[in-house]
Amino acid sequence: MKTQLSRILPLSLALLLPLAVSAQEAAAPTESVASPVTVELGDFNTMHEVRKLNGIQRRDTERQIKMLADWLTKAAQKNLAAGQSLHITLTDVDLAGDYEPSTGIDMQHVRVVREMYPPNIDLSWRLTDANGANLDEGAVGLRDMGFLSANSPTTQQSLTYEKRMLRKWLSQHFPKKA
């Protein structure tokens, strides 16, 4: 019994050590640098994509929309001149694809991507200069009806179609500044 315990204990510690390190890293304070871009999410209960979902489908979709907002915060920074700030509100997000009813229990949590479920994003924005003066503002509805006909994504990252649509909007409306 003692020899078994002496073999199990080091293995147990080796498996638990990475968890302890991860917990310490998560608890460690991080320096926060103010981003010139803020992305606010509208009410999930009014978003077309979310309001029709329940349970795990709803939680997963809300998580994906939050991930899209985080990505947009970083991506939009590249398109601003020094001193500019951009505030974006995602008022309605309908991700590419949809959850289709199926007879198989394993398929109820799978988003099916078809041409009939294009990505749609309604947003508003406000661009200000370093003094807070309003430079531009507006609202737009982004739709990509041919999202599957366009060039195939080069990666299998999540939210590929939505990111491509937002990249195009950013580059057209906020051309990269020197």
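A short reminder: the numbers here are calculations on the coordinates, not readings from a lab. Every value quoted in this text rests on a predicted model; they were computed, and no experiment measured them. Because the Cβ atoms are built from the backbone with ideal geometry, glycine has one as well, and the counts that use them run over all protein chains shown.
Note on Ser35 and Met145: the extension gain reaches 36.4 nm, defined as 0.36 nm multiplied by sequence separation minus the Cα-Cα distance.
For the pair Lys176 and Asp60, what calculated FRET efficiency results from E = 1/(1 + (r/R0)^6), where r is the Cβ-Cβ distance and R0 = 45 Å, to the nearest 0.05? Step by step, r from the Cβ atoms, then E = 0.85.
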